[in-house]
Structures are given as structure tokens and as C-alpha cells.
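The block underneath contains the structure these notes are about, expressed in C-alpha cells.
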Amino acid sequence: MKKQILDVCCGGRMWWHNKEDARAVYMDNRELECTLCDGRVFRVSPDVIGDFRNIPFPDESFAMVLFDPPHLTHHGEKSWLFKKYGKLSKNWREDLAQGFKECFRVLKTGGTLIFKWSEIDIKLPDILRLTVVQPVILHKKQKTHFVIFLKPDN
Ligand SMILES: C[S@@+](CC[C@H](N)C(=O)[O-])C[C@H]1O[C@@H](n2cnc3c(N)ncnc32)[C@H](O)[C@@H]1O
């Protein structure tokens, strides 16, 4: 089946309706299998190991790109939060700005970028400043924002 969707930070695929969607390529920068504090096994098992700052696909490859990067800066690297969500580096502004650039590069013109952000350590406006593309939809549920972009012609 043709791959139309790229999830650049798939993690444990928790937000997927079908975690084995044949239309998708699941990417993350790590692989992991561990047991969480509640006894559940947690797996990060991407199809492609890659970095959202340098996505290993040609320009205009996908109709939809999903970008749910780490959103936390303060937790320890042994915590369950780290296992589940990873962690932003001190250079998060540069990293996420480059991530947005790369997501739009591999997205087809007219394609959709879905960006998820939990407003715990960093406010959403500080993140939206990192891309020049204006969102179409801003939807908030408690602290979690779903932001939908359309890739413009230029
Ligand atoms: C918030 S979690 C994603 C959760 C995922 N959407 C889900 O439904 O389970 C963020 C993920 O980004 C990954 N990540 C961190 N830095 C990355 C990078 N530079 N490139 C690709 N993935 C990265 C982490 O390993 C982590 O799995």
C-alpha cells in the first residue's frame, strides 16, 4: 500500500486509532521496550529510526505529516515521563524550528500537518513562533493543543 502518512515522532503510537495503519510510516529517534510503573509493557518500535531535524525522505513525499515532539524539559532521564515522551534539549527552539521546516519539506503542497503540544513547560505561542506557516485550526483539550496546518503553495 502507498505510504501517505509520516508520523515523525511515533513513540508508543498512543494517539493512533489503528497502531498498525498500513498507510503510515512510523518514525522515531529511538527503540525501546520497558515496563511502566503500572506493570504495562511500553514499546517504541518505529519502521524508521530518524531525526525530525533531518527527515530521511525526499521533498513532497506525504499527504499528511504528524508531529508530536517531546514537550517537557525538566524531568529526569530515569522517569516514566522520559520513557513515554522523551525530553526536549536545551536547544529546543532551534530543534523544533528545524523540525517544522523538515515536516513541511516532506509534506506535499496542499497536504496537512497535525501538530500536538502539551502546554506544561512551554506555552503554545512560544512554539507557534518557530514556524512562519499560519495554523488553520487550534483546538485545545485541557493542556493539550491540536494544531492543524495546510502546506501553502510557496
Ligand atoms: C510526545 S512523544 C510522542 C508520542 C506519540 N505521538 C504517541 O502517540 O505515543 C515524543 C517522541 O518523540 C521522540 N523524539 C525525540 N526527539 C526526536 C527526534 N529528534 N526525532 C524523532 N523523534 C524524536 C521521542 O523518542 C518520543 O517517542
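Just checking, does segment 72-92 include any residue being in a strand (DSSP E or B) and among the aliphatic types (A, V, I, L, M)?
No, segment 72-92 contains no residue that is in a strand (DSSP E or B) and among the aliphatic types (A, V, I, L, M).
Can you find a residue in segment 91-113 that is farther than 17 Å from residue 29 by Cα, touching a Cys at 6+ places or on another chain (Cβ under 6 Å) and either buried (at least 16 other Cβ atoms within 10 Å of the Cβ) or at pLDDT 95 or above (or both)?
Yes; the residues of segment 91-113 include at least one that is farther than 17 Å from residue 29 by Cα, touching a Cys at 6+ places or on another chain (Cβ under 6 Å) and either buried (at least 16 other Cβ atoms within 10 Å of the Cβ) or at pLDDT 95 or above (or both).
Six or more apart or on different chains, Cβ atoms under 8 Å: show the pairs whose first residue is in segment 93-122 and in a loop (DSSP other than H, G, I, E, B) and whose second is more than 11 Å from the ligand (Cβ to nearest atom) and of a type outside the set (S, T, N, Q).
From segment 93-122, the pairs are 119/143; 119/145; 120/143; 121/74.
Among the residues of segment 42-83, which ones are small (Gly, Ala, Ser) and either touching a helix residue (DSSP H, G or I) at 6+ places or on another chain (Cβ under 8 Å) or within 9 Å of the ligand (Cβ to nearest atom) (or both)?
Correct list: 50, 61, 76.
Against the definition (in contact with a Ser or Thr (Cβ under 7 Å, 6 or more places away or on another chain), farther than 12 Å from residue 84 by Cβ and part of a strand (DSSP E or B)), how does residue 64 come out, yes or no?
Yes: the conditions hold for residue 64.
Listed here are the residues, each with its yes/no results for (1) more than 9 Å from the ligand (Cβ to nearest atom); (2) at pLDDT below 95; (3) polar (S, T, N, Q).
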position	(1), (2), (3)
2	yes, yes, no
7	no, no, no
12	no, no, no
25	yes, no, no
40	yes, yes, no
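Of all the residues that make up segment 123-153, how many are at pLDDT below 95 and aliphatic (A, V, I, L, M)?
Total meeting the criteria: 0.
Is there any pair linking a residue in segment 9-37 that is within 21 Å of residue 52 (Cα to Cα) to one that is among the aromatic types (Phe, Trp, Tyr), with Cβ under 7 Å and at least six apart or on different chains, and which?
Filtered contacts from segment 9-37: 9/52; 9/67; 10/26; 11/85; 12/42; 13/26.
Among the residues of segment 25-35, are any within 12 Å of the chain's Cα centre (by Cα) and either among the β-branched types (Val, Ile, Thr) or part of a loop (DSSP other than H, G, I, E, B) (or both)?
yes
List the number of the failed condition for residue 28; all other conditions in (1) surrounded by fewer than 19 Cβ atoms within 10 Å (Cβ to Cβ); (2) among the acidic types (Asp, Glu); (3) within 15 Å of residue 87 (Cα to Cα) hold.
Failed condition: (1).
Report yes if some residue within segment 50-65 is free of Cβ contacts under 8 Å to residues at least 60 places away in the same chain and farther than 27 Å from residue 110 by Cβ; otherwise report no.
Within segment 50-65, not a single residue is free of Cβ contacts under 8 Å to residues at least 60 places away in the same chain and farther than 27 Å from residue 110 by Cβ.
Being within 20 Å of residue 27 (Cα to Cα) and without any contact (Cβ under 8 Å) to a residue 60 or more places away in the chain is the filter; apply it to segment 69-90 and report the residue that is surrounded by the fewest Cβ atoms within 10 Å (Cβ to Cβ).
89
The values are calculated or read from the model by the stated rules, or taken from the named source; none is laboratory data. Keep in mind the model is a prediction, meaning the values are calculated, not measured. Quick reminder, even Gly has a Cβ in these numbers, built from the backbone with ideal geometry, and neighbours come from all protein chains shown.
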